[in-house]
Every structure is written in C-alpha cells, then in structure tokens.
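Reading through the structure tokens given below for one structure.
The values are calculated or read from the model by the stated rules, or taken from the named source; none is laboratory data. Keep in mind that this is a model prediction, so the values were computed, not measured. A quick note on method: Cβ atoms are made from the backbone with ideal geometry, for glycine too, and the neighbour counts reach across all protein chains shown. Just so you know, the surface numbers come from the protein's heavy atoms only, side chains and all, with ligands and any DNA or RNA stripped out. Shrake-Rupley method; radii C 1.70, N 1.55, O 1.52, S 1.80 Å.
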Amino acid sequence: GGLLNPGLSTAEETHVNQVNTIVQRLSGDCYRIGVMVGKGGTGKTTVATIAASIFAEYRSDDRVVAVDADPAFGKIANRIAPSLSQTYWELLTDEENGRLRRWTDVKASLGSNPHTGLWLLRGEHRSKGRRVINREVYQRAMGILDRYMTIAVIDCGPVLEHPLMEAVLPTLDAVVVVGALAQAAGEAAARPL
C-alpha cells in the first residue's frame, strides 16, 4: 500500500550510479572517445553505435556525434542514419565556401537519429569515385566538430598502423577496445592497448 519503502534494489543502484557517471560535467573541447578492435568481427561498430546512442540519450543537453574514421567502407552510418548522403567532403566544401556560420549550417551536413538525438559524420559510402578519409580530411572535419559538439564517439578503422590513425589516436580522451569471447581473444585485445 505504499507504507513501506524498501529503497532501491542493487540493480537499480547500479543503474543510478552508471547514469550519474554518464552525465558528469565535461569541460573544454569536444570529448573524443575512440572505439577500436583487436580482432575483426568482434562488434566494434555496434559498440560504437551503442555508446554514442547512450551518451546522446542521457546527455540530451549536449550534442553527441558518431564519427566514421574507418578508411575502408565504414558501416556506422547504416546503424544511425542509413539514408544520409552527405559525407566529410560536403562538410569541408561548405566550410571552404564560407557556408558554416552557425550550428544550423553544420547540421545540414550531418545525419541524425531522431530517436536518440545522435548526430553522424559519415565517411564515403559510394563505390564510384570513392574518396578515402585521410589525416588532413579527418583533422579539418574534427576541427569543425570541436566547435559545435560536446562528445564524439569515433569508430576507428581495424588497422591501428594506418596513417589515418596517426591523426586519430593522439587526440582521444578515452578508448574502448572491443574484444571477442573466444580463446586467445585477450591477446588480440591487448595489442591495441
């Protein structure tokens, strides 16, 4: 009858503590979280999508963006905004032409998930005339996002020795290494660390 309040269960307390961690105050430039893998096929892009979506949902006052930093055909856009056609290059062209003066200008080059409020910077998805994300393209695009976004979850490529990763890795504030639940998976996950 509501006369007795047993308090939160252990699971509820854990959830409250996790939410409090997620919504902690951030200051400074856009907080960058890299998601990388020790072995292919372990769900790196899925983890990046889930992490970015959770941040977007629980930090609704902030702008959270998922960034495709896979120099191959990245798949994160398929999970967030599959119909988005704009890529890094449209964003950079808008900047070069002086069309990025406010947030509404920037968001025109980003995709979004209306259910979570998550934004997306897409890599190349067209096979004809394919352009590859390189160090300069990534750095210029992130310079724009730094001015407008609070958190960027970066879906890294599978090869950490790739020249693009030389631009990504030194700028990360946090890293998530995705591993597999299989024999010798610990060794594969330890390599990126």
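A few points about this structure:
- Sole residue being surrounded by 12 or more Cβ atoms within 10 Å (Cβ to Cβ), at pLDDT 80 or above and not in a loop (DSSP other than H, G, I, E, B), chosen from I154, I133: I154
- The requirement of being at pLDDT below 95 and assigned to a helix (DSSP H, G or I) is satisfied by L164.
- For beta carbons closer than 8 Å, sequence separation of 6+ or different chains, a first residue in segment 13-27 that is closer than 14 Å to A56 by Cα and a second that is modelled with pLDDT of 85 or more and open to solvent by 60 Å² or more (accessible area, probe 1.4 Å), the qualifying pairs are V19/Y58; I22/I54; I22/Y58; V23/Y58.
- Matching option when the condition is over 25 Å from W103 (Cα atoms) and touching a Gly at 6+ places or on another chain (Cβ under 9 Å), among T42, T21: T42
- Every test in (1) out of contact with any strand residue (DSSP E or B) (no Cβ under 9 Å at 6 or more places or on another chain); (2) assigned to a helix (DSSP H, G or I) is passed by D146 save one, and that test is (1).
- In the set (1) under 15 Å from V64 (Cα atoms); (2) assigned to a helix (DSSP H, G or I), T116 fails one condition alone, (2).
- Annotation note: of V67, V137, V132, the sole residue that is of a type outside the set (D, E, K, R), closer than 20 Å to K44 by Cβ and out of contact with any strand residue (DSSP E or B) (no Cβ under 7 Å at 6 or more places or on another chain) is V132.
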